[in-house]
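Q: Structure incoming, see below.
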Amino acid sequence: MSHSYPMKTLSRFTLVLLGLAAPLALCAAEVAKAPARTEVVFEQPEKFTDVKDSDFGTDKARDAILERIREYIVERADKALPAGQKLVITFTDIDLAGEYEPWRGPQFSDVRIVKSIYPPRLKFSYKITDAAGKTVKEGNEDLRDLAFEMRLTADRQDTLRYEKDILRDWIGTVTRAPKV
């Protein structure tokens, strides 16, 4: 008899723990599903100047690059936006830093050559609204950094480090409260 009692107690204890853990798991899931306060739109990305991973880039590869840019913007802007504000950013053109130089030969078809003559360029419009939907800030940007190679980027292995660095600076500027 004494041997079966601990097993029943253990089973009941497990059920109680599961019963307590389930609501916590649901709360964690709801926090994780909290809607992003930043929306990124790529308007006609097939017409963008240069968003590819090789000289013969595919739509799938372009979409993967754009998704990395979207994730970066959402992560940074959601943290930087004041409470209650929302950002919608619509890209109309992107030209990544560097260029493919097919004249170098077929072995270089997937090598992006980064030189100062190939600066990154990000063209977009944006709108920041408050909790009531009133426009706080809006505008059009055509960001180009001619000195991009001088930047000290955190992750030298990230192929989008120059674009992310420019976007980080812009997000910091646009989300900063105006001086009174």
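Q: For region 35-174, what D do you get in µm² per second when you plug the Kirkwood radius from alpha-carbon pairs into Stokes-Einstein at 10 °C and 1.306 mPa s? Please report the intermediate quantities before stating the final value.
A: Details: Rh = 15.9 Å.
Estimated diffusion coefficient is 100 µm²/s.
Q: Can you flag which of 52/134; 86/123; 52/79; 60/134; 86/115 are past 31 Å Cα-Cα? Before the final figure, lay out the partial values.
A: Working: 52/134 37 Å; 86/123 20 Å; 52/79 28 Å; 60/134 36 Å; 86/115 36 Å.
Among 52/134; 86/123; 52/79; 60/134; 86/115, the Cα-Cα distance tops 31 Å for 52/134; 60/134; 86/115.
Q: I would also like to ask the following. Using θ = phi - 60° and the Karplus form 6.51 cos²θ - 1.76 cosθ + 1.60, what ³J(HN,Hα) does each residue of region 79-88 get, whole Hz, x for Gly and Pro?
A: 3J(HN,Hα) across region 79-88, in whole Hz: 6, 8, 5, x, 3, x, 8, 10, 10, 10.
Throughout, read-outs are computed from the coordinates displayed, never taken from laboratory work. Computed from a predicted structure; not experimentally measured.
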